[in-house]
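Right, one structure below, let's go through it.
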Amino acid sequence: MASGQLFSRNSQALFYNYKQLPIQRMLDFDFLCGRETPSVAGIINPGAEGFQKLFFGQEEIAIPVHSSVEAACSAHPTADVFINFASFRSAAASTMSALKQPTIRVAAIIAEGVPESDTKQLIAYARANNKVILGPATVGGIQAGAFKIGDTAGTIDNIIQCKLYRPGSVGFVSKSGGMSNELYSTIARVTDGIYEGIAIGGDVFPGSTLSDHILRFNNIPQIKMMVVLGELGGQDEYSLVEALKAGKVHKPVVAWVSGTCARLFKSEVQFGHAGAKSGGELESAQGKNQALREAGAIVPTSYEALETSIKETFEKLVDEGKITPVSEVTPPQIPEDLDTAIKSGKVRAPTHIISTIADDRGEEPCYAGVPMSTIVERGYGVGDVISLLWFKRSLPRYCTQFIEICVMLCADHGPCVSGAHNTIVTARAGKDLVSSLVSGLLTIGPRFGGAIDDAARYFKDAYERGLTPYEFVEGMKKKGIRVPGIGHRIKRGDNRDKRVQLLQDYGHSHFPSVKYLEYAVQVETYTLSKANNLVMNVDGAIASLFLDLLASCGMFTKQEMDEIVDIGYLNGLFVLARAIGLIGHTFDQKRLKQPLYRHPWEDVLYTK
């Protein structure tokens, strides 16, 4: 168990199981306290990735969403608080995953009713590894003016009323989250407010105890007095009694155990929490209050008198010079959300697009953070610009030069291929440049220029599975799938495509490794043994070499590499390149003033 503060103004959390309202409340509290960075570093939604848009004051921010606890912890190593909004069915497993991450120090389990056996395992692991659990069945905790968990302290109006936007001098711990809000208000009325407040949770086995936090508060210099709100049931309060008797607590403790009315009932009473039931005199509210009083705590005669006891204790410390009341500050105004603003005539509208590749808001546009002036001054080429806008990083020059070679080699393949033919026909019909270009681009697909991605997928899969060329080709044949990147309508084994040779030569002379190209060549050797036209084509050469670029340049993870292939980056190269040629054919037909094209009937087979 930690011996000092759990949180600070720099604390950041990972939020498990996205809930918009509690996250937004955390961010609004951050703004209210004047934090410079949001307290929510990332969101964990199993099976989902991307971003969630929320507000940090007036600014809208995108918080990353991760599919697993491990991925989130890796991406946000400074986030040391895990806030778990999972259901009671899965809360234990996800919390254990978080506790096993070296970056996580504190875990808050919001769900009520987590199986007791699971909770005991979590508690044992946390104590053995010096980690802190709040809950299960907790609203969380708060350090005034610094950090809060989820819905702790409720609405912004309540937070302002309770002066939680700046630190006070009181440490507070309770089992109940709902009663915590009540006590925050009470403490704010008669003292300078709380410094830290914790709700340990109402289940039978809380992850940390009242005494754990009182002993922590005792070690925090800014906390001058402590308030404890217990409840009937269990024996947690007696660990505090023992700590008081042993002289481990040196600051005034004002305590009250709720549930004194239970004696009015003839049978055992179960209150709201699983742990709030009296099982005998020892677990009764009266028994606990008496034990705390005898141990040296300041215990009032009733809950109604608790406020007076807190006030008197605080004023005594002020008179003794042990507390200098905190000066009041005016918190900033939190912008209203859209629904509320519409009713009141004010608006805070969310954005509708997220962009990570370009930013035109400053003095000059930036591509992936690189100013336009830098791009020009450093002599960046088209390949460099593609690397910034497509891959969001500056690739080595041999990589960007390869991209440029691909664009040059694929820019055009004459007027007879389907894309150029469609563009020519459209241009001769008098259509504009964009229409002519699009008519050609729309023919790009599996049969025309769109096989680069498929070639990359199949070559990559076969290579990584260790398939021999025979196993790969024959396996594809059994599935009825042509091997993408292999085969040509004109070129043969004794009349190879010069473009393929140029690409292969460049890869061998510039790439650190060409393992995928070498595998593709082995596949070609096998296919040529079957038919002389089954040569590697441009699609196959670009696909295999692009895999080598991604794998050998040291700038992409395996996940990024798979994503690039799946999204369609490689076909993007062909689309970009061929657009140059299609635009050229459009201009050529316009310049030649060619008439409307009509296909000759002699070239049509009319049949019944």
Overall dimensions of the chain by Cα: Rg and Dmax, Å: 34.5, 112
Å² per residue, accessible surface of the chain at 1.4 Å: 47
Are any of the pairs K19/K248; K148/K311; K245/K311; K175/K311; K120/K224 more than 29 Å apart by Cα-Cα distance, and if so, which? K19/K248; K120/K224
With +1 on each Lys and Arg Cβ and -1 on each Asp and Glu Cβ, how big is the dipole of the chain about its Cα centre, in debye rounded to the nearest 20? 1460
What's the center-to-center distance, using Cα atoms, between segment 340-403 and segment 62-88 in Å? 27
Within 11 Å, Cβ to Cβ, of L437, how many net charges do the neighbouring residues add up to if Lys/Arg are +1 and Asp/Glu are -1? +1
Relative contact order computed over the chain (Cα-Cα under 8 Å; 6+ residues apart), in percent: 9
Coil-residue trypsin sites (Lys or Arg not before Pro) of segment 509-601, DSSP, other Cβ within 10 Å capped at 14: K530, K593, R598
May I ask for the angle, rounded to the nearest 10°, between helix 177-190 and the longest principal axis of the chain, with both axes built from Cα atoms and the value confined to 0 to 90°? 60
Positive-end residue of T557, S3, G202, charge dipole of the chain with Cβ unit charges: T557
Nearby lysines by direct alpha-carbon distance to K431 (threshold 18 angstrom, same-chain neighbours under 8 apart not counted): K590, K593
Helix 515-528 versus the longest principal axis of the chain: what angle, 0 to 90°, nearest 10, using Cα atoms? 40
Radius 15 Å from Cβ of S117, net charge of other residues (Lys, Arg +1; Asp, Glu -1): -1
Ignoring ligands, DNA and RNA, what percent of the accessible area of the chain is carbon or sulfur (1.4 Å)? 54
In debye, nearest 20, what is the charge dipole magnitude of segment 445-531 about its Cα centre with +1 on Lys and Arg Cβ and -1 on Asp and Glu Cβ, if you could check? 380
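The values are calculated or read from the model by the stated rules, or taken from the named source; none is laboratory data. These numbers come from a predicted model, not from an experiment. Cβ: placed from backbone, ideal geometry, glycine included. Neighbour counts: every protein chain shown. Only protein heavy atoms, including side chains, enter the accessible area calculation; ligands, DNA and RNA are left aside. Shrake-Rupley method; radii C 1.70, N 1.55, O 1.52, S 1.80 Å.
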